[in-house]
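Below is one structure, written out as structure tokens; comments come after it.
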Amino acid sequence: MAGDGVDRILEQWARERPELDTEAMGIFGRIYRIARASGDAMEATYGRFGITRADFDVLATLRRSGEPFALTPSALTGALMLTSGGITGRVDRLERAGLVARSPSPTDRRALLVTLTPAGQEIVDKAVVAGLETQRSLLAALPPARRRELDGLLRDLLAATG
């Protein structure tokens, strides 16, 4: 098996501090580097549609919510694990681009709804397909059985870290 940049870092630590157990450093170093590379690839993919990864997250959350593709800002905040200020900025930007619209809630006069516009739905439907193609290409070096194994291991680790 060929070494990578993380292996070189671990070798340096082993030379300088041989008493350290650096197994976790290797695992999380690779997770970080994969997340960064995949994040950059996804940002480039979504950029072809004039949106950012952050924009995609909002549009995709609305799209996955089902008809009428509308959620309250607080529901978006919870789904995306953002602050209310963070969601406001994203919705403002998407509203200016014509991809979402704000409107009063029909069931609560005090509430607003953020709704995916037809243009927003068209963009997110195209972007999700392109994003999946990018993700598949990033995983192409692993055979299907190894991808399933990796998926299970990551699921277990995520469950254990909360």
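The values are calculated or read from the model by the stated rules, or taken from the named source; none is laboratory data. None of the values given here were measured: they were computed from a predicted structure. Note that we place each Cβ from the backbone using ideal geometry, even for glycine, and neighbour counts take in every protein chain shown. The area values use the complete protein model at the heavy-atom level, side chains included, leaving out ligands, DNA and RNA. Shrake-Rupley method; radii C 1.70, N 1.55, O 1.52, S 1.80 Å.
Label points 7 Å out from Cα along the Cβ direction at ARG148 and ARG17: separation in nm?
The answer from the label model is 4.0 nm.
Given a 1.4 Å probe, how much area per residue of the stretch 12-162 is accessible, in Å²? Show your work: numbers first, answer last.
Numbers: 10090 Å² over 151 residues.
Solvent-accessible surface per residue comes out at 67 Å².
At a 1.4 Å probe, what is the % contribution of carbon and sulfur to the accessible area of the chain? Show your work: numbers first, answer last.
Working: 6360 of 10940 Å².
Summing carbon and sulfur atoms, their accessible area is 58 percent of the total for the chain.
Net charge near ALA140: determine it from the other residues with C-beta under 12 Å of the C-beta of ALA140, scoring Lys and Arg +1 and Asp and Glu -1.
Details: positive: ARG136, ARG146, ARG147; negative: GLU133.
With Lys, Arg at +1 and Asp, Glu at -1, the neighbours total +2.
Please work out the FRET efficiency for the pair GLU95 and ALA160, using the Cβ-Cβ distance as r and a Förster radius of 41 Å; give the result to the nearest 0.05. List each step's numbers first, then the result.
Values: r = 39 Å, r/R0 = 0.96.
Using R0 = 41 Å, I get an efficiency of 0.55.
Using θ = phi - 60° and the Karplus form 6.51 cos²θ - 1.76 cosθ + 1.60, what ³J(HN,Hα) does each residue of the stretch 59-68 get, whole Hz, x for Gly and Pro?
Once θ is set to phi - 60°, the couplings for the stretch 59-68 become 4, 5, 5, 5, 5, 6, 6, x, 3, x Hz.
At 222 nm, what helix-only mean residue ellipticity would the chain give, in deg cm²/dmol to the nearest 500, using -39500 (n - 2.57) for each DSSP H run of four or more?
Values: 7 runs with 110 residues, N = 162.
The helix-only estimate for the chain comes to -22500 deg cm²/dmol at 222 nm.
When Lys and Arg each count +1 and Asp and Glu each count -1, what net charge do the other residues less than 14 Å away from ALA127, Cβ to Cβ, add up to? Numbers along the way, then the final one.
Details: positive: ARG48, ARG53, ARG63, ARG64, LYS126; negative: GLU43, ASP55, ASP57, GLU122, ASP125, GLU133.
Local net charge: -1.
What are the ³J(HN,Hα) couplings of the stretch 81-96, residue after residue, when phi is run through the Karplus curve with 6.51, -1.76, 1.60 and θ = phi - 60°? Round to Hz, x for glycine and proline.
My calculation for the stretch 81-96 gives 6, 10, 7, 5, x, x, 6, 4, x, 5, 5, 4, 4, 5, 5, 4 Hz in order.
Distances over 22 Å make up what percent of all Cα-Cα pairs in the stretch 1-144?
Details: 5480 of 10296 pairs.
Result: 53 percent of Cα pairs exceed 22 Å.
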